[in-house]
Every structure is written in C-alpha cells, then in structure tokens.
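**Q** First, the structure itself, so that you have it in front of you.
The values are calculated or read from the model by the stated rules, or taken from the named source; none is laboratory data. None of these values were measured; they are calculated from a predicted model. Using ideal geometry, Cβ is built from the backbone for each residue, glycine included, and neighbour counts are taken over all protein chains shown. Note: areas computed on protein heavy atoms with side chains; ligands, DNA, RNA excluded. Shrake-Rupley method; radii C 1.70, N 1.55, O 1.52, S 1.80 Å.
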Amino acid sequence: MKKKVLSIVLAGTMLAAVAGCGSGETASSSSSKDKGASSASSEDKGSQSTSDAGSASSEGTFTVGFDQGFPPMGFVGEDGEYTGFDLELAAEVANRLNLEIKYQPIAWDSKDMELESGMIDCIWNGFTMNGREDSYAWSDAYMENDQVFVVRKDSGISSAADLEGKIVEVQADSSAEAALNDNQELVSSFGQLLTVADYLTAMMDLESGAVDAIGMDSVVASYQIQQTEKDFVILDDSIAAEQYGIGFKKDNTELRDKVQKVLNEMAADGTTEEISTKWFGKDITTFSK
C-alpha cells in the first residue's frame, strides 16, 4: 500500500464522539438509542416486498451493535446523530424487513457479552471475520481491508522495521491487536505495545506524541484522509489482510439469512454501490452483483 496522508476525523466529529464516550453511559448499561434510526423510504428500489419481511427480531426491531468511535463505519456525527457506512446499510436492511432499526453503541472488548445477552442482534461495524470464523454466524464478506501502521509524517518512521524501540498502540480486542499477537517477532522489537478503548483516543495519543504508531484498519485510515489536515501517513507494510462481515450469534442463522438475502437484493439493485460511493467516492464493497 502506498503511503497516504492520514487525517483524523473532523474536529467536530471527534469532539462529538469523545463526548458520547464520556457521557457516563456505559455500552453495557445504555439502552438502545434511536438516533439516526430513520432509513431509506419504503419506496426506494421497490424491493421490500421480495425480502421475507417480518419478525426477524422478536420485538420487531433490528438492534445493531457498533463502536461509536469508528468512522466511517459507525460513529457520532457533527449533529450528534449516529451515522456511518455500516449503519446506513443496516438501516436500509431493517427498512426492507419492516423492522425498526436501533443503534446500540458497545465497548468493543465487550461485544461478545452484548451479543450473547441479547442486547444486540448482530455486530456490524467493520467487523473482521478472519480468525473468528467459528465464533459467529457470519454474513458473506462485504469488504476487504488491511491492518496497517499509522505514524506522524515527521516521525522519521518509514517501515515496520523503524518501529524498533517505539511505542505502538492498538484498540483493545481489535484485529490489529490479534494480528500483532500472531507476530511476536515484530512485537518483541517494539518498546511497548499498548491498548486503548477506541481509535479516536489512539489518534489523539499519536498526535500528541504519547505514542509513535497506531495499528489500525486501512479502510478507516484512508477515509479519514479526506476529513482533516493532520500530518499522518500510512506505512507501506501491511500487518494483515482481512475481510469484513456481519456477526450474529452462532444459532441465529435465521436472522443472518434474512439479512443476507436483503443485502444481495441491495447489491443487485445498486443500493450498496450508491451507499459506498457516498462514503468512499466509489464502490469498494465485495457484494455479489
């Protein structure tokens, strides 16, 4: 991957996300929120009638668990509403299934507990399938991604080898952490490998000089290039290649299958391409057309 200038999310977005995280409302204890719950109208694409609409969720809702500090997949926008590529896809799916969309922010390292408890119906937020294949009922992969290192442009770090003795930070229980744990030869060269609750905090740590590099998703890093003018770069070295999917409880294949059917319809009628182009400037999904 060629080096790219990485920018953090718009200052307003970051402040809103941080404010959301610091509101004193934990992911485990908060009730599902309806922010941004409106989805595309039932007239859109005209395919609702073909989608086995009905009681996918016992309460007539579709509750999506997501990390609210993970733009562009799911985050708090400048207007204080939940937004993002994954959330917009989920809202359209819910609309076509005649279900009410509910966005439930979660602590990423508590996602499995939230899913098993029934607090959420699925994990849909740049969720890496690789290495977790047997832990969930997965949708088909819908996007490819790499785990990469992000550094300050003036850091003098140009490759993974230059991270020797440096402080590297990752999100707790993230794919970057898992990939690095599988590469102990590289990790042993670091001065420290730290974990943090969310990537917005990690980026602030990088900007302040508290850490030298972040291990994170290239999809997220690349999106943020367009948002601000922070002097960050993505190193050419890829930590790992992976795919994103939607994770359901292993025994909830019925809901998984309904969601997948609607996603296939959305790919066929151009909706997924339209939403991807809105967020990324082009269609970067891997849905079967």
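**Q** Inside segment 159-176, can you point out the residues that are in a loop (DSSP other than H, G, I, E, B), in contact with a strand residue (DSSP E or B) (Cβ under 7 Å, 6 or more places away or on another chain) and not aliphatic (A, V, I, L, M)?
**A** 159, 166
**Q** Hey, among 187, 220, which residue is more than 16 Å from the chain's Cα centre (by Cα) and under 24 Å from residue 129 (Cβ atoms)? Full working, then the answer.
**A** Numbers: 220 fails: more than 16 Å from the chain's Cα centre (by Cα).
That would be 187, the only listed residue that is more than 16 Å from the chain's Cα centre (by Cα) and under 24 Å from residue 129 (Cβ atoms).
**Q** Would you say residue 85 is open to solvent by less than 10 Å² (accessible area, probe 1.4 Å) and in contact with a helix residue (DSSP H, G or I) (Cβ under 7 Å, 6 or more places away or on another chain)?
**A** Yes, satisfied.
**Q** Kindly indicate whether any position in segment 163-172 is under 21 Å from residue 108 (Cβ atoms), under 17 Å from the mean Cα position of the chain (by Cα) and buried (at least 20 other Cβ atoms within 10 Å of the Cβ).
**A** yes
**Q** While we're on this one: Among the residues of segment 256-285 satisfying the criterion of being among the hydrophobic types (A, V, I, L, M, F, W, C) and touching a Phe, Trp or Tyr at 6+ places or on another chain (Cβ under 6 Å), which is nearest to residue 160 (Cα to Cα)?
**A** It comes out as 279.
**Q** Would you check which residues across segment 72-82 are crowded, with 23+ Cβ neighbours inside 10 Å and farther than 18 Å from residue 276 by Cα and list them?
**A** Correct list: 76 only.
**Q** Aromatic (Phe, Trp, Tyr), farther than 22 Å from residue 69 by Cα and either open to solvent by less than 30 Å² (accessible area, probe 1.4 Å) or part of a strand (DSSP E or B) (or both) - does that describe any residue in segment 123-140?
**A** yes
**Q** Sticking with this structure for a sec: Go through segment 184-212 and report how many residues are over 26 Å from residue 279 (Cβ atoms) and open to solvent by less than 20 Å² (accessible area, probe 1.4 Å).
**A** Our first condition is that a residue be over 26 Å from residue 279 (Cβ atoms); within segment 184-212, this holds for 184-195, 208-212.
Subsequent filtering for residues that are open to solvent by less than 20 Å² (accessible area, probe 1.4 Å) retains 190, 211.
Summing the residues that are over 26 Å from residue 279 (Cβ atoms) and open to solvent by less than 20 Å² (accessible area, probe 1.4 Å) in segment 184-212 gives 2.
**Q** Output the number of the condition that residue 237 fails; it satisfies all remaining conditions of (1) in a helix (DSSP H, G or I); (2) open to solvent by 50 Å² or more (accessible area, probe 1.4 Å).
**A** All conditions are met except number (1).
**Q** Restricting the search to segment 97-122, which residues are assigned to a strand (DSSP E or B), polar (S, T, N, Q) and open to solvent by 10 Å² or more (accessible area, probe 1.4 Å)?
**A** Within segment 97-122, no residue meets the criteria.
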